[in-house]
1. Considering only strands (runs of 3 or more DSSP E) fully contained in segment 1-81, which possess at least 2 residues that are hydrophobic (A, V, I, L, M, F, W, C) and either under 15 Å from ILE92 (Cβ atoms) or out of contact with any Asp or Glu (no Cβ under 6 Å at 6 or more places or on another chain) (or both)?
2. Can you tell me which residue in segment 69-91 is farthest from ILE4 (Cα to Cα), limited to those that are in contact (Cβ under 8 Å) with a residue 12 or more places away in the chain and exposed (fewer than 14 other Cβ atoms within 10 Å of the Cβ)?
3. Out of segment 1-32, which residues are among the hydrophobic types (A, V, I, L, M, F, W, C) and at pLDDT 95 or above?
4. Restricting to segment 82-98, and then to whatever is part of a helix (DSSP H, G or I) and of a type outside the set (Ser, Thr, Tyr), can you tell me which residue is nearest to LEU31 (Cα to Cα)?
5. Mind listing whichever residues of segment 25-58 are among the hydroxyl-bearing types (Ser, Thr, Tyr), within 14 Å of SER13 (Cα to Cα) and surrounded by fewer than 21 Cβ atoms within 10 Å (Cβ to Cβ)?
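The values are calculated or read from the model by the stated rules, or taken from the named source; none is laboratory data. The shown structure was predicted, so the numbers you read here are calculated from the model rather than taken from an experiment. Cβ atoms come from the backbone with ideal geometry, glycine included; neighbour counts cover every protein chain shown.
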Amino acid sequence: MTDITVTRNDEDSRFEIRSDDVLAGFAAFDLRPGSIRFLHTEIDPAFQGQGLAGKLASEALADAVGRGEAIVPLCPYIAKYLETHDVPGAEIRWPKSPSGHGGSVAEDPTGRAE
């Protein structure tokens with residue numbers, strides 16, 4: 001049976017998902033006072049189609065909630081995950097478009113909207 005683990009690597013500012021100790025993907029983040037901004041999620045092509053992105057998102061978001069961090073979903077995958085899954089206790093700060101109106105996460109991938 002494959003051993004899947006998700007760990008928070010603060011030194012590299014990312015959550016990592018491993019399959020039998022092999023890095024299968026990551027979710028990059030940027031910490032701000034009281035919040036965590038998810039920037040990018042990536043799964044190695046060799047591991048795609050195994051549900052690892054969803055497991056990574058689920059555990060990364062649960063960790064953020066457990067630490068009391070507000071979640072800012074700048075990554076399109078994390079944003080879509082939050083739109084389609086309940087994350088108990090999550091405080092979500094949806095990014096705003098540069099014009100000041102709510103908009104798509106893809107409108108400002110740099111994270112300057114927060």
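1. Filter on segment 1-81 gives 14-19, 22-32, 35-43, 70-73.
2. Once the filter is applied, the top-ranked residue is GLY89.
3. Filtering segment 1-32 for residues among the hydrophobic types (A, V, I, L, M, F, W, C) gives 1, 4, 6, 15, 17, 22-24, 26-29, 31.
Residues satisfying the conditions are ILE4, VAL6, PHE15, ILE17, VAL22, LEU23, ALA24, PHE26, ALA27, ALA28, PHE29, LEU31.
4. This residue is LEU82.
5. SER35
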